[in-house]
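K.L.:
Got a structure for you, questions after.
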Amino acid sequence: MPGAIYAEALVKTFGDVKALDGVDFDVPEGSVLGLLGPNGAGKTTAVRVLTTLLRPDSGSATVAGIDVLRHPDRVRRSIGLSGQFAAVDEYLTGRENLVMVGRLYQMSGRDAKRRAAELLERFHLTDAADRTAKTYSGGMRRRLDLAAALVVSPPVMFMDEPTTGLDPRNRQQLWDVIQELVAGGTTLLLTTQYLEEADRLAHDICVIDHGRVIARGTSDQLKARTGGERVEVVVHTPEQIRIADEVLRRFGTGEGTIETHTRKLTVPVTGGAKLLAEVIRELDTRGVEIDDIGLRRPTLDDVFISLTGHAAETGTENGAGADGDGGSGGRKDGRRKDTKRRKKAAKDGVDATPEPTKEAVK
Amino acid sequence: MSAVTEAAPVRTPQPRGGIGRSVRDSLVVAKRNLIRMLRIPEVVIFGLIQPIMFVVLFTYVFGGSITIPGAAPGNAQAYREFLMAGIFAQTVTFATAGAGAGIADDMHKGLIDRFRSLPMSRGAVLTGRTLADLVQTALTLVVLAVVALIIGWRAHENLAKVLVGFALLLLLGYAFSWIGALIGLTVRTPEAATSGGLIWLFPLTFISNAFVPVNGMPAFLQYIAEWNPFSATVQAARDLFGNSIAGRPVSVTGAWPMEHPVWASIIWSLLIIALFRTLAVRKYRSATA
């Protein structure tokens, strides 16, 4: 029995660019699939095919058990789409936007109004309900856009980069809403360039690049594929690096790295928190002053780099037309040049931006 | 009856029949566009200034130099009456640019994607837009008619005929907004839709009987002008307003549309609607932002 979202061998070509090159998914009912990939990887194209906006060149798909190509109108009754552009009419008020969408879902005027009021309340937009969306902040617009996608409580939701361009506070808020939604049983397909987002929200992750699925699994499975955990120590003075290195060699399972200028040592380990405690005791015994120590797990960033050979934030030139630009800042062309260095850094376990570690000890 | 709670599932509405749904969805979208119009009155106001400017410029700058066949040379009142049907007709064709820019803007902002992901009638987004433009065009015509009356334009036929004249003008405007809809879906930006919707209107409206009598044009232009769909409506409105000079031959080249302008106007407008509505709805089905 195929899941709530099922796609088989989807192919879509734009000119010379293969936006989708044989993509398959099977998303069980009530779960979240994170579609992870850089700009132009084919994420948006996949969403557009599954939401009936685009016909694939070949392949087949069902959503909520309905054939997308044969019965697009029936599929549209069962889905909600929330995009990266916050597609609301900025000259209508929040309420007018939601009522309009409700009416176009074929609700009666009264039902549409009642539902709009409920959603405004739920998304904390009641105070702004009768102001035009033009006056809304970016976060409020995204919430309104998401509310519009939820007007009929569709069993299947598609969110295309729902938090691209949002500040951390608004992103957090939107994540909470999405988690609430999923807890209520909605099946969700989410595309993102933010590894943290996929890590946080998705049960399963598909890494997609150049229109192909290059890896799939849970966040933990993907991280395990990249390599295990490692201990990272920052010592107080340069003189202590040598002693700390001796200690870490005894506990490490492989070759470690030393960054002299930051006094940071890293070594791959197995054994988790228990081992970390032993390392701390031993360093203490040898009189090494520790500025910072922690157990680092590979981030999805590391996973991405090891799978694709480039960092997740880096756009690819050829596919950009297919996916449009993600719009968020911070993605600079210069980063492409850093790819090799970052890849090497990741292999060496010296991630430039490590994930905050849960087991960090001061 | 169960109490309505936030967690209550909203029942998925039942599918509705084709035509009923089309009409309903079109009206929902039309209402949305009319609300927008009220909230961006600048667009409506600028839409009014241009035709008023044309009336004043043509009447006072050209009016004394253009001789209407059958009228005394330099008879400014004869030209004023001749001109107004042309200005009215030109004004309604400006709906093209409005529809085009509006739809291109909706594409650009991702609203068309939203609409296309909803279980709504496929033609409704475009029909709703063109209906809203029709309302705007009607308002513009009312204001323009008042300005025309102030500067001395008079209709010499009964009210029923005058209203039929305005109805034909509105039908032409509605037809042209479908051309605009297709342009809006084809170009990438609202700016391109505006200029793409206007540029060809100038030769179309000037190589016609709208502003000057065609007998001053070279012979080949006379043929073009008299077969121009736009000229048929101008001539029809002119006749229905009683602004044609009595007893003069209606056509220089003997073109059928000039002999039967009311029918020609209706046929041309319906043909334009049939063709461009079909093309635009087809384009909408596969529209991508």
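K.L.:
Within region B:182-208, how many residues are within 15 Å of residue B:93 (Cβ to Cβ) and either among the aromatic types (Phe, Trp, Tyr) or outside any helix (DSSP H, G or I) (or both)?
P.N.:
6
K.L.:
Limited to region A:147-175, what total is found for residues that are in a helix (DSSP H, G or I), modelled with pLDDT under 90 and either within 20 Å of residue A:118 (Cβ to Cβ) or within 14 Å of chain B (Cβ to nearest Cβ) (or both)?
P.N.:
Number of matching residues: 2.
K.L.:
Related question: Here are A:110, A:70, A:114: which of them is at the interface with another protein chain (Cβ under 9 Å from one of its Cβ atoms), of a type outside the set (A, V, I, L, M) and free of Cβ contacts under 8 Å to residues at least 12 places away in the same chain?
P.N.:
So the residue among A:110, A:70, A:114 that is at the interface with another protein chain (Cβ under 9 Å from one of its Cβ atoms), of a type outside the set (A, V, I, L, M) and free of Cβ contacts under 8 Å to residues at least 12 places away in the same chain is A:114.
K.L.:
Only one of (1) in contact (Cβ under 8 Å) with a residue 12 or more places away in the chain; (2) surrounded by fewer than 16 Cβ atoms within 10 Å (Cβ to Cβ) fails for residue A:75. Which number is that?
P.N.:
(2)
K.L.:
Could you say whether any residue in region B:46-57 is within 14 Å of chain A (Cβ to nearest Cβ) and surrounded by 12 or more Cβ atoms within 10 Å (Cβ to Cβ)?
P.N.:
No.
K.L.:
For region A:80-94: of the residues being surrounded by 24 or more Cβ atoms within 10 Å (Cβ to Cβ), in contact with a strand residue (DSSP E or B) (Cβ under 7 Å, 6 or more places away or on another chain) and at the interface with chain B (Cβ under 7 Å from one of its Cβ atoms), which is nearest to residue B:108 (Cα to Cα)?
P.N.:
It comes out as A:83.
K.L.:
Would you mind stating whether residue B:247 is modelled with pLDDT under 95, touching a His at 6+ places or on another chain (Cβ under 7 Å) and either within 14 Å of chain A (Cβ to nearest Cβ) or more than 30 Å from residue B:106 (Cα to Cα) (or both)?
P.N.:
no
K.L.:
Moving on to the next point. Return the residues of region A:24-67 that are away from chain B (no Cβ under 14 Å), surrounded by 24 or more Cβ atoms within 10 Å (Cβ to Cβ) and of a type in the set (D, E, K, R); say none if nothing qualifies.
P.N.:
Across region A:24-67, the qualifying residue is only A:43.
K.L.:
Take the conditions under 27 Å from residue B:82 (Cβ atoms) and buried (at least 19 other Cβ atoms within 10 Å of the Cβ) and apply them to residue B:193. Does it pass?
P.N.:
Values: under 27 Å from residue B:82 (Cβ atoms): no; buried (at least 19 other Cβ atoms within 10 Å of the Cβ): yes.
So residue B:193 fails the test.
K.L.:
Can you tell me which residue within region B:261-273, out of those that are crowded, with 16+ Cβ neighbours inside 10 Å and without any contact (Cβ under 8 Å) to a residue 60 or more places away in the chain, is farthest from residue B:177 (Cα to Cα)?
P.N.:
Residue satisfying both the conditions and the ranking: B:261.
K.L.:
For residue B:217, only one of the following conditions fails: (1) among the hydrophobic types (A, V, I, L, M, F, W, C); (2) within 30 Å of residue B:101 (Cβ to Cβ); (3) over 18 Å from the mean Cα position of the chain (by Cα). What is its number?
P.N.:
In the conditions (1) among the hydrophobic types (A, V, I, L, M, F, W, C); (2) within 30 Å of residue B:101 (Cβ to Cβ); (3) over 18 Å from the mean Cα position of the chain (by Cα), residue B:217 misses (2) alone.
K.L.:
Right, here's the next one. Quick one: which strands (runs of 3 or more DSSP E) lie wholly within region A:18-125 and hold at least 1 residues that are of a type in the set (Gly, Ala, Ser) and over 20 Å from the mean Cα position of the chain (by Cα)?
P.N.:
Filter on region A:18-125 gives A:58-63.
The values are calculated or read from the model by the stated rules, or taken from the named source; none is laboratory data. Quick caveat, the model's predicted, so the values are computed rather than measured. No Cβ is skipped: glycine too gets one built from the backbone with ideal geometry, and neighbour counts run over all protein chains shown.
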